[in-house]
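Accompanying notes for the structure given below.
The values are calculated or read from the model by the stated rules, or taken from the named source; none is laboratory data. Fair warning: this is a prediction, and the values are worked out from it, not measured in the lab. Neighbour counts are summed over all protein chains in view; Cβ atoms, including those assigned to glycine, are modelled from backbone coordinates with ideal geometry.
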Amino acid sequence: MAHNLTNSEIERYSRQLIIPDYGIESQNKLKSSSILIIGCGGLGCPSALYLSTAGIGRLGLVDDDTIEISNIHRQIAHDENKIGISKAQNLADRCKALNSLVKYEVHNILFTKTTALNLIEQYPFLFLSIYCTDNVITRYLINDVCVLLGKPLVSGSALKFEGQLTVYNYLNGPCYRCLYPTAPPAHAVSNCSDAGILGPIVGMIGSLQALEAIKVVAEIGTCLNGRMMIFDGFDFLTRIIKLRPRQIETCLMCKSVLSRENLTKKDREEILENFDYIEFCGVSNYNDKSINISIL
Amino acid sequence: MAHNLTNSEIERYSRQLIIPDYGIESQNKLKSSSILIIGCGGLGCPSALYLSTAGIGRLGLVDDDTIEISNIHRQIAHDENKIGISKAQNLADRCKALNSLVKYEVHNILFTKTTALNLIEQYPFLFLSIYCTDNVITRYLINDVCVLLGKPLVSGSALKFEGQLTVYNYLNGPCYRCLYPTAPPAHAVSNCSDAGILGPIVGMIGSLQALEAIKVVAEIGTCLNGRMMIFDGFDFLTRIIKLRPRQIETCLMCKSVLSRENLTKKDREEILENFDYIEFCGVSNYNDKSINISIL
Amino acid sequence: MLHLTIEFSGGAELLFGNVKKHQVELNNDTKWTIRELLVWIKDNLLKHKPEMFLQDETIRPGILILVNDSDWDLLGNLSYELNDNDNVTFISTLHGG
Amino acid sequence: MLHLTIEFSGGAELLFGNVKKHQVELNNDTKWTIRELLVWIKDNLLKHKPEMFLQDETIRPGILILVNDSDWDLLGNLSYELNDNDNVTFISTLHGG
Ligand SMILES: [Zn+2]
Ligand SMILES: [Zn+2]
């Protein structure tokens, strides 16, 4: 079939090209697609490494953090002599050493209402992975921007020995807000700093985020939209659960999008502007890492 | 509690130390244990990276192969400018950049009857991951050596969109030979060169091999001994199946070990010597990659 | 008797003495919906911090309820009537990464 | 009728027209054990290469049989008598990595 792969690409990707369910057509789609990874920590590292080696066309890496000594037990792209360096830049450098054919873009920014929409608009396919010190507010914000722009969102999270994985806002599946219309109380949210996390758990979930992103981009197989994988690594139990469909009647974002023919850029900006994320999540700012609470 | 961790180790591993089910005792056990990774390809890379960053004491890396262009789409420790370099050496270098506190040992050797026993004897805990171009003969050989030495074996394998994972020869669980007493016909075995493999699949299975190895070493949680995880990444289905117990009556190796009080080094050598692996597997030598067959 | 398996994961088990799996038997003279089960769990299994489990007589935001691995929202939410041998799971959303 | 779900994975599906999941109905005038089922599968579902599926009247080495996610060896091997709605899975061992 017709394709835009060079001989050197065919050699490099040969072991995935010969998979009957993948093939040259999937590689073509990968090569002409862009993916944005938000968070270059525990999940972002394996996700980015595998998407890069698989040959995605363009990879955007977002993180405003720098590498700390307590990150490197699980963030396998960050060498011990890189403490203090930008995570996004360092991950891009590591990926580039593995595959220089990919176009990398580094965004050392904090996700806020103003930055989010502009950034995500630039990427035809979006793939999410949240870094460890993340907060609920960023999850709602990224979700909402994806819904407003009609982009699928591969969501992974991990804590201690556990992991969760799903694809939001894809086909008939729900978005994050369909599933969680109300934010959890701020004191009920724990993160890797206070509850801990084991490296292989983010390795597994991050790798699977890359898998789902490849399947979405190549339009092959059955993705986790409308389903969620729950993994308990301590007892080694997996379950795949069935989720509610998109909530077009009650979800604030899905409703806004589906009630109009075509959203303009101005419409999207207004919808985001009118929603008070800080109040909704009960936090003090977009980068709220200060709440130190008992675990749950 | 008493521990042998330095302050800098406590800082580095803090996010896993604070997991209630892990804690300082597990880290102590990790630090004083050795693991041998056989095969530094698709599965070996994530396994080694996560065991290294987690702080295993000593990591042995075995592979007689050099890096090829068709490896790097899935072997995330091997940079594109390292073609032709030893896989074991390069993986050790990459791990060392992530965590120089670990002791690394590189073995650029082919596994045969003569090399296997000597090598595995040196490692109190053994962890297996087979490289992609591997053959059945090596799997039986490694299994048998582990049974003769009483060492658990974390086994992963992957092909196309699928993965399999289990822990052999651990507690009451079966060994590889208990489960497969007869080798498959040589023409029925396919590998990554002829059937293909996707990077995120080895990423997932390799990460989970590191998880199970950590649990075996730290003696925590419930491992996959007596169970096997089967993953279908195309349709995203997981299942965990229940396996037969150790076959002390019929398994050639388990029987030899359990029928005697204490095996001496000479006993082990004799048992291996008397078994014709090449005939059993129907291949021509220990490094038989020549059979090019239709897939299955 | 109505036999249920009740499971907690994602951190929700910390409210229940860190026990992930509970086998319970309920007297089935009356019908049991999730609404009544939540109150029963609060009164009989919950160890502390009831406000971390229930809010305004339903589950607190951030915990997903599953019946036999299906989102309770597909089954009628609080009004779902429990059957013998149902598995009811409470999953706390994880945010780390 | 005896209703069975028959699944193939790990590459075994390639012998069956690349179809992973088959729903079948068997006439249950007589009892069905795995022994008979193997022959029935060879005659009715197998597309080609019977020697890649059966050898010496049992499954060929390298394929694991599961009944309801349990190793058939736990259930009596060839003599296991099938029940209505059983799931029988054939898994080819993977060797790659
Ligand atoms: Zn929605
Ligand atoms: Zn055995």
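Below are the figures for this structure:
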item	result
Among the candidates B:Val202, B:Val167, residue that is more than 16 Å from ligand 1 (Cβ to nearest atom), β-branched (Val, Ile, Thr) and more than 17 Å from B:Ile241 (Cβ to Cβ)	B:Val202
Residue check for A:Gly84: at positive phi and part of a loop (DSSP other than H, G, I, E, B)	yes
Residue in segment D:43-97 that is nearest to the other protein chains (Cβ to nearest Cβ), counting only those that are in contact (Cβ under 8 Å) with a residue 40 or more places away in the chain and within 25 Å of B:Leu198 (Cβ to Cβ)	D:Leu94
Any hit, segment A:205-224, residues being outside any loop (DSSP other than H, G, I, E, B), facing chain C (nearest Cβ under 9 Å) and surrounded by 21 or more Cβ atoms within 10 Å (Cβ to Cβ)	yes
Hits in segment A:217-258 (condition: small (Gly, Ala, Ser) and over 30 Å from B:Ile214 (Cα atoms))	A:Ala218, A:Gly221, A:Gly226, A:Ser256
Selected residue (criterion: farthest from C:Leu54 (Cα to Cα)) from residues of segment A:189-199 that are in contact with a strand residue (DSSP E or B) (Cβ under 8 Å, 6 or more places away or on another chain) and part of a helix (DSSP H, G or I)	A:Cys192
Residues located in segment A:258-279, provided they are touching a Lys or Arg at 6+ places or on another chain (Cβ under 9 Å) and outside any loop (DSSP other than H, G, I, E, B)	A:Leu258, A:Asp267, A:Glu269, A:Leu272, A:Glu273, A:Tyr277
Residues located in segment C:20-43, provided they are modelled with pLDDT under 95 and among the β-branched types (Val, Ile, Thr)	C:Thr30
Meets criteria (more than 30 Å from A:Gln16 (Cα to Cα) and more than 13 Å from ligand 2 (Cβ to nearest atom)) for B:Pro124	yes
Residues satisfying the stated conditions in segment A:37-81, i.e. surrounded by fewer than 24 Cβ atoms within 10 Å (Cβ to Cβ) and either closer than 18 Å to A:Leu110 by Cα or touching a strand residue (DSSP E or B) at 6+ places or on another chain (Cβ under 8 Å) (or both)	A:Gly57, A:Arg58, A:Gly60, A:Asp64, A:Asp65, A:Thr66, A:Glu68
Of the criteria (1) buried (at least 23 other Cβ atoms within 10 Å of the Cβ); (2) within 16 Å of ligand 1 (Cβ to nearest atom), which one A:Phe161 fails	(2)
Test: A:Leu126 is over 20 Å from A:Ile240 (Cα atoms), buried (at least 24 other Cβ atoms within 10 Å of the Cβ) and away from ligand 1 (no atom under 13 Å from the Cβ)	yes
Yes/no for B:Val257 being facing another protein chain (nearest Cβ under 7 Å) and either within 30 Å of B:Lys29 (Cβ to Cβ) or more than 16 Å from ligand 2 (Cβ to nearest atom) (or both)	no
Residue that is surrounded by 14 or more Cβ atoms within 10 Å (Cβ to Cβ) and under 13 Å from the mean Cα position of the chain (by Cα), where the choices are C:Leu38, C:Leu94, C:Leu75	C:Leu38
Set B:Leu49, B:Leu36, B:Leu17: member being out of contact with any Ser or Thr (no Cβ under 7 Å at 6 or more places or on another chain), in contact (Cβ under 8 Å) with a residue 40 or more places away in the chain, facing chain A (nearest Cβ under 9 Å) and aliphatic (A, V, I, L, M)	B:Leu49
Any hit, segment B:52-73, residues being in contact with a Ser or Thr (Cβ under 9 Å, 6 or more places away or on another chain), β-branched (Val, Ile, Thr) and at the interface with chain A (Cβ under 10 Å from one of its Cβ atoms)	yes
Residue match in segment A:91-113 (condition: among the polar types (S, T, N, Q) and more than 9 Å from every other protein chain (Cβ to nearest Cβ))	yes
Helices (runs of 4 or more DSSP H) enclosed by segment B:92-186 - at least 2 residues per element that are of a type in the set (D, E, K, R)	B:113-121, B:136-149
Per-region count, segment B:179-203, residues touching an Asp or Glu at 6+ places or on another chain (Cβ under 9 Å) and within 16 Å of ligand 2 (Cβ to nearest atom)	1
Among residues of segment B:234-264, those that are in contact with an Asp or Glu (Cβ under 8 Å, 6 or more places away or on another chain), among the charged types (D, E, K, R) and in contact (Cβ under 8 Å) with a residue 12 or more places away in the chain, counted	2
